[in-house]
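Written below as structure tokens is the structure these notes are about.
The values are calculated or read from the model by the stated rules, or taken from the named source; none is laboratory data. Given the structure is predicted, the values throughout are model-derived calculations rather than measurements. Quick reminder, even Gly has a Cβ in these numbers, built from the backbone with ideal geometry, and neighbours come from all protein chains shown. The area values use the complete protein model at the heavy-atom level, side chains included, leaving out ligands, DNA and RNA. Shrake-Rupley method; radii C 1.70, N 1.55, O 1.52, S 1.80 Å.
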Amino acid sequence: MIVLGIESSCDDTSVAVYDSERGILSNVVSSQFIHLEFGGVYPELAAREHTKNFLPVLDKALKDAKISLNDVDVVTATFMPGLIISLVVGVSAAKSLSFSINKPIVPVHHIEAHIFANFLVKEIEYPFIALVVSGGHTELILVKDFEDYLYIGGTLDDAVGEVFDKVARAMDLGFPGGPVIDRLAQNGKEVIKFPRPMINEKGENRFNFSFSGLKTAVIKEIRKGIHTKEDIAASFQGAIIETLLKKTLDACNEFNVKRVVIAGGVSANSKLREEVSKIKGIEFYYPPLNLCTDNGAMVAFTGFKRFSKYKKGFKLDFEAKAKCRIDRFPQLLRDFHT
Ligand code: KG4
Ligand code: ZN
């Protein structure tokens, strides 16, 4: 079965072709460098760029996969969550394609796609804790099965990737900032003890995160001009990683789970990968670098899993949404089976 995957939830336009027998045949990602001068994603520009980039990206994805549109059996797209005016570009394109080639459409949740990107490399046993760390999300989810999710906690303010980007902007390092901070930190030392927000939180907020205070503390330190960029990057990254891993391990304990799947753009972070390799008694999984940040392959694969489960597509009037927690998505889909 050939599945087309479309991703447009933020600033990357991506189309991929997944073959259930041969795996990923193509995965074309067009990143929008136009946001560089803003130091963040500017929604209207992002949507305009998606409309410009979509057809060339689709064309290349089909050519790379050596197939034509008529070979596609199922069309999938990220429907939520994300920037709504970006999402509707990919979703409208997916609906038009599905309608014109008369093939089923399967909606995918963005966070779900990040998590199941890991399955493109290796089937992972359930249950596991998913630590989703991206530009828009920081979440802990207990994944009991495909479509059986328990939301454990998330950020109360900024997402981890967003904080990486804002700290990088304060140091004039360009956008996206995560990869630059990651590289700088490799030559720095953790000499500044930044706050680890909510790390010892008890009660109902114990699995929630808050990174805006840490962000402010780091930006203040940058302005003082005492420490090198490398040391600030290493100290900041250290505070983030310690906080993320403490809560992830607490979740493993509480739910008696021995597997953790890390997903989303920040899962590319080299220090995070190094730190999890030191943890004993828990199996950690993270995607290959090209599948960490937004891509169509993770969408095609998750759509394939959904189509395999129901053996049918969904109604064309299922709409894109800016917000929807992963645990609520399967329920939302229930009214839209064809
Ligand atoms: O998953 P993603 O492509 O988009 C969202 O769904 O938000 O994640 C993008 C985020 C950006 O904030 C970027 O700075 C961050 O992932 N990122 C990293 C690294 N590579 C990308 N953060 C830390 N270290 C990295 N190596
Ligand atoms: Zn993402």
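Side notes on the structure shown:
- When the range 1-24 is filtered for residues that are more than 16 Å from ligand 2 (Cβ to nearest atom) and assigned to a strand (DSSP E or B), the ones remaining, listed by number, are Ile2, Val3, Leu4, Val17, Tyr18, Asp19, Gly23, Ile24.
- Filtered residue count, the range 257-268, keeping only those that are open to solvent by 10 Å² or more (accessible area, probe 1.4 Å) and within 13 Å of ligand 1 (Cβ to nearest atom): 3
- In the range 311-338, the residues that are assigned to a helix (DSSP H, G or I), of a type outside the set (Lys, Arg) and surrounded by fewer than 14 Cβ atoms within 10 Å (Cβ to Cβ): Gln331, Asp335
- Residues that are touching a Ser or Thr at 6+ places or on another chain (Cβ under 9 Å), open to solvent by 10 Å² or more (accessible area, probe 1.4 Å), part of a helix (DSSP H, G or I) and not β-branched (Val, Ile, Thr) are absent from the range 77-84.
- Every residue from the range 18-73 that is of a type in the set (A, V, I, L, M) and without any contact (Cβ under 8 Å) to a residue 24 or more places away in the chain: Ile34, Leu45, Leu55
- Residue identified as among the acidic types (Asp, Glu) and away from ligand 1 (no atom under 15 Å from the Cβ) among Asp158, Asp145, Asp165, Asp182: Asp145
- Total residues in the range 85-99, condition more than 14 Å from ligand 1 (Cβ to nearest atom) and buried (at least 24 other Cβ atoms within 10 Å of the Cβ): 3
- Among the conditions (1) open to solvent by less than 20 Å² (accessible area, probe 1.4 Å); (2) within 15 Å of ligand 2 (Cβ to nearest atom), Thr293 misses just one, which is (1).
- Among the residues of the range 173-196, those identified as assigned to a loop (DSSP other than H, G, I, E, B) and at pLDDT 95 or above are Gln186, Asn187, Gly188, Lys189, Glu190, Val191, Ile192, Lys193, Phe194, Pro195, Arg196.
- Pairs meeting the criteria (first residue in the range 129-142 and assigned by TED's automatic domain parsing to the domain that holds Ile262 and in contact (Cβ under 8 Å) with a residue 12 or more places away in the chain, second residue charged (D, E, K, R) and near ligand 1 (Cβ under 9 Å from one of its atoms), beta carbons under 7 Å, at least 6 apart or on different chains) are Gly135/Glu162; Gly135/Asp165.
- Per-region count, the range 132-146, residues under 21 Å from Leu83 (Cα atoms) and among the charged types (D, E, K, R): 1
- Any hit, the range 28-47, residues being modelled with pLDDT of 95 or more, more than 20 Å from the chain's Cα centre (by Cα) and over 24 Å from Asp327 (Cβ atoms): no
- The criterion of being of a type in the set (Ser, Thr, Tyr) and either within 23 Å of Lys278 (Cβ to Cβ) or open to solvent by 70 Å² or more (accessible area, probe 1.4 Å) (or both) does not hold for Ser210.
- Residue check, Ile226 surrounded by fewer than 18 Cβ atoms within 10 Å (Cβ to Cβ), at pLDDT 95 or above, over 20 Å from His137 (Cβ atoms) and not charged (D, E, K, R): yes
- All positions within the range 100-127 that are assigned to a helix (DSSP H, G or I) and either in contact with a Leu (Cβ under 7 Å, 6 or more places away or on another chain) or more than 15 Å from ligand 1 (Cβ to nearest atom) (or both): Ser100, Ile101, Ala117, Phe119, Leu120
- Taken as a whole, the condition of being under 17 Å from the mean Cα position of the chain (by Cα), open to solvent by 10 Å² or more (accessible area, probe 1.4 Å) and at pLDDT 95 or above applies to Tyr286.
- Given (1) in a helix (DSSP H, G or I); (2) open to solvent by 40 Å² or more (accessible area, probe 1.4 Å); (3) more than 15 Å from Ala117 (Cβ to Cβ), number of the condition Leu272 does not satisfy: (2)
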